[in-house]
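The values are calculated or read from the model by the stated rules, or taken from the named source; none is laboratory data. Values in this document were obtained by computation on a predicted structure and should not be read as measured data. Cβ placement follows ideal geometry from the backbone for every residue including glycine, while neighbour counts extend to all protein chains displayed. In case anyone asks, the SASA skips ligands and DNA or RNA and just uses the protein heavy atoms, side chains included. Shrake-Rupley method; radii C 1.70, N 1.55, O 1.52, S 1.80 Å.
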Amino acid sequence: MTYDSAIDAALQRLHDEGRYRTFIDIERRKGHFPQAIWTKPDGTEKEITVWCGNDYLGMGQHPEVLAAMHEALEATGAGSGGTRNISGTTVYHRRLEAELADLHGKEASLVFSSAYIANDATLSTLRLIFPGLIIYSDALNHASMIEGVRRGGGPKRIFRHNDVAHLRELIAADDPAAPKLIAFESIYSMDGDFGPIKEICDLAQEVGALTYIDEVHAVGMYGPRGAGVAERDGQMHRIDIINGTLAKAYGVFGGYIAASARMIDAVRSYAPGFIFTTSLPPSVAAGAAASVRVLKTAQHLRDAQQTAARILKMRLRGLGLPIIDNGSHIVPVHVGNPVHCKMLSDMLLDQFGIYVQPINFPTVPRGTERLRFTPSPVHDAKQIDHLVCAMDALWGHCALNRAEMAG
């Protein structure tokens, strides 16, 4: 095999399909987010507004978060110095895990380097803890959940998205005595729709299954203390394992699970993705703990974010744009073609200083390519106006372009 040729061919396929991914070099400016500086390929700089970030509430700029990180950095230095098992557990990690356990009303929590790793490591490890475990996974679960289920081996069943009747059929076809776990999400980030938490918990209770929920796009955002949609819906106590992130609404870095002390101890003791990974830097753990603590009582930020999302949806819908509105804070605009999606993204950036990344396959199915806007409390009315005017100006142009290409 000519390895270089194989690499070139693989990359060319992405270019041919219009889904080659490019990185946009930006520099967030403290105190000015969502404004950022974009460094163009020619080295020149341009001020832009970030409209696709996951720092949903602007907590990456919050003074209490920054102060906690500075304090820990000055006290301990840069890194943790090891894995959690070998010198890498500090008082900052313990404080963070206590905050998270309290947030979710669980006995314990366990922090990982990312929510991806938390999902992958936990779901794959549960097979070791529960021999013969059958995992029932929603068809639209995140790649990290899919990988964890796959890598753990053993039987798995994929139920149609949010289809509890189909889930029931699959469970009924299996051995009633076999250990079972239902894995699903509270908010599916590409369409912004909600999982049927109560219905799944009801079924799990009926058949004796464990429940595993990914609240990555909901923690900090929903519920009276920001614990997620399960808290909002009064179902959090019925979930056995909750997965969340510290890198989206909390604005820092890392992921975690929250569960019973016994469950956490078992995952901690068996999961290679936890055992063999260097722990978070203490400054990161300190900042994350501060963010979780602040958002437990910051309902005004959640309210402001929901208001911004409603306004943006209403105004884009008023333009006749094909938005996907499932009631969450996520605002996807359906484009349906990877080339057109990238073209629209490029034009928004070049002509209007608006940065929104195109979302293409495999993140979403082919033919459902989209722009995914994430309004936040730090996007003001003027910035929303600018975005709406830009979309109004470009959408008709792109529609004409699409018609010409089709012809």
Quiz item: GNM, the chain, Cα, under 10 Å: largest mean-square fluctuation among 138, 303, 42?
Solution: 42
Self-check item: Charge dipole of the chain about the Cα centre (unit charges at C-beta), most positive-ward option of 22, 48, 186
Solution: 186
Exercise. Calculate what fraction, in whole %, of the accessible area of region 1-65 sits on carbon and sulfur atoms when a 1.4 Å probe is rolled over the protein chains.
Key: 50 percent
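Going by average Cβ neighbours within 10 Å, how do the peptides 241-249, 338-346 rank, with the highest at the top?
241-249, 338-346
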Practice problem: Please compute the net charge surrounding residue 48, taking Lys and Arg as +1 and Asp and Glu as -1 over other residues with Cβ under 14 Å from its Cβ. | Solution: -2
Exercise. Go ahead and run the numbers for FRET between residue 303 and residue 12, Cβ-Cβ distance against an R0 of 41 Å, rounding to 0.05.
Key: 0.30
Quiz item: Within straight cross-link reach of residue 180, meaning Cα distance under 13 Å, which aspartates and glutamates are found once same-chain residues fewer than 8 apart are removed?
Solution: 206, 240
Quiz prompt | Within-12-Å neighbourhood charge of residue 97 [Cβ basis; K, R +1; D, E -1] | solution = +2
Exercise. Specify the residue with the greatest mean-square fluctuation among 12, 305, 61, computed from a Gaussian network of the chain linking alpha-carbon atoms under 10 Å apart.
Key: 12
Exercise. Calculate the dipole size of region 42-144 relative to its Cα centre from +1 charges on Lys and Arg beta carbons and -1 charges on Asp and Glu beta carbons; express the result in debye to the nearest 20.
Key: 540 debye
Quiz prompt | Longest to shortest principal axis, alpha-carbon extents of region 212-329, angstrom | solution = 54, 32, 28
Exercise. Kindly report the accessible area of region 94-180 per residue (heavy atoms of protein chains, probe 1.4 Å, no ligands, DNA or RNA), in Å².
Key: 43 Å²
Quiz item: Let a ≥ b ≥ c be the square roots of the eigenvalues of the Cα gyration tensor of region 280-382; is it rounded (a/c under 1.5), or, if not, prolate (a/b larger than b/c) or oblate?
Solution: prolate
Quiz prompt | Dipole in debye (nearest 20) - the chain, about Cα centre, beta carbon charges: Lys, Arg +1; Asp, Glu -1 | solution = 320 debye
Quiz item: What percent antiparallel are the DSSP beta bridges of the chain, to the nearest 5?
Solution: 60 percent
Quiz item: Which ³J(HN,Hα) values, rounded to whole Hz and listed in residue order, are derived for region 353-364 from phi using the Karplus coefficients 6.51, -1.76 and 1.60 in 6.51 cos²θ - 1.76 cosθ + 1.60 with θ = phi - 60°, glycine and proline given as x?
Solution: x, 10, 9, 9, 7, x, 10, 10, 4, x, 4, 10
Quiz item: What chymotrypsin sites (Phe, Trp or Tyr not before Pro) in region 18-100 are in a loop by DSSP, with at most 14 other Cβ atoms within 10 Å of the Cβ?
Solution: 20, 23
Quiz item: Considering the dipole of region 28-186 built from charges on the beta carbon (Lys and Arg +1, Asp and Glu -1) around the Cα centre, which of 96, 33, 83 is farthest to its positive end?
Solution: 83
Self-check item: Calculated from backbone phi, Karplus (6.51, -1.76, 1.60) coupling profile of region 150-164 in Hz, x at Gly/Pro
Solution: 5, 5, x, x, x, x, 9, 10, 9, 9, 4, 3, 6, 9, 5
Quiz item: Local charge sum around residue 331 (other residues, Cβ-Cβ under 12 Å, Lys/Arg +1, Asp/Glu -1)?
Solution: +4
Practice problem: Compute from the Cα atoms of the chain the Rg and the Dmax, the latter being the longest Cα-Cα distance, and quote both in angstrom. | Solution: 22.0, 65
Self-check item: Gaussian network model of the chain, springs between alpha carbon atoms under 10 Å - residue of 390, 218, 308 with greatest fluctuation
Solution: 390
Quiz item: Using 1/(1 + (r/R0)^6) with R0 = 22 angstrom and r between the beta carbons of residue 198 and residue 261, what's the FRET efficiency to the nearest 0.05?
Solution: 0.30
Exercise. Would you grab the residues whose amide H sits under 5 Å from the one on residue 210? Only those 5+ places off in sequence or on another chain, please, with H modelled 1.01 Å from N.
Key: 180, 181, 182
Quiz item: Which of the aspartates and glutamates could a cross-linker span from residue 40 if the Cα-Cα distance has to be under 19 Å and same-chain partners fewer than 8 positions apart are dropped?
Solution: 25, 27, 346, 350
Quiz item: Taking a threshold of 32 Å on the Cα-Cα distance, which of the pairs 30/296; 198/382; 106/313; 46/313; 198/342 fall above it?
Solution: 198/382; 106/313; 198/342
